[in-house]
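Derivation of every value follows stated rules applied to the coordinates shown; laboratory data play no part. Quick caveat, the model's predicted, so the values are computed rather than measured. All Cβ positions, even for glycine, are placed from backbone atoms using ideal geometry, and neighbour counts span all protein chains on display.
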Amino acid sequence: MVIVEDELKKIIFPKSDLLSDEPPMETELHLRQLMLLIQSLELLWKDRQDFYAFGNLTIYYSPNQRKSEYFRGPDFFVVLGVARKPRKSWVVWEEDGKYPHVIIEILSDSTAETDRGLKKEIYQETFRTPNYFWFDPTSLEFKGFQLMAGKYEEIAANEQGWLWSQQLELFLGVHDSQLRFFTPEGKLVPTPEEVAEKMTQKLQDLGIDWRDLV
């Protein structure tokens with residue numbers, strides 16, 4: 001998603017090196033969900049260098065944006081077509097005007113109303129983020145939206161209850177009370193921990209103790 005060039009020319013942006021200014025995740029449940037999303041996608045795309053996926057990071061999209069307790073950065077977001085490297089924050093005017101292509105908010109009692117209302121409006125009208133999802137790790141409420149002609153339309157679930165992300169070319173769905181990624185073929189995208197557990201089991205089946213290999 002790119003800002004119109006004429007609009008950029010009218011604005012004098014401050015220099016970058018802006019630090020993220022986000023509060024910590026509300027509960028262990030929320031933090032674990034965030035880390036799962038980051039780690040599993042990075043593992044799946046380990047050979048790609050053209051994306052940025054992170055979470056609980058401030059997005060600076062205007063030098064005049066108001067810092068408000070009612071608007072914080074996305075819990076999880078993915079930007080495509082950019083260098084895969086660490087960042088202190090996401091500064092739109094330092095990233096060729098790019099906004100997130102996918103955003104996932106992890107709902108909580110204190111943020112749910114904002115995530116369903118104000119943030120949805122900002123992601124639709126200002127960010128123009130193509131795919132927006134929210135997930136409540138407590139109630140398991142899960143919804144997703146696709147930007148169509150400038151407006152969000154709810155994504156219809158498949159038979160498994162999963163939602164398709166055109167941007168990621170992956171399904172998202174609830175598995176064991178967590179929001180997970182699934183391949184187009186329906187395979188669960190594993191976390192690094194799950195991959196390690198499978199490797200350990202295979203070694204055990206061969207009569208090998210992994211500790212003997214360290």
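What to note about this one:
- With neighbours defined as other Cβ atoms within 10 Å of a residue's Cβ, the residues D96, D136, D47 order from fewest to most as D47, D96, D136.
- Interchain or long-range residues, amide H under 5 Å from I155's placed H: G144, F145, Q146
- Working note: Karplus 6.51/-1.76/1.60 with θ = phi - 60° gives segment 111-120 the couplings 10, 4, 4, 5, 5, 7, x, 4, 5, 4 Hz, where Gly and Pro are set to x.
- Filtered trypsin sites (Lys or Arg not before Pro), segment 120-206: DSSP coil and at most 12 other beta carbons within 10 Å: K187
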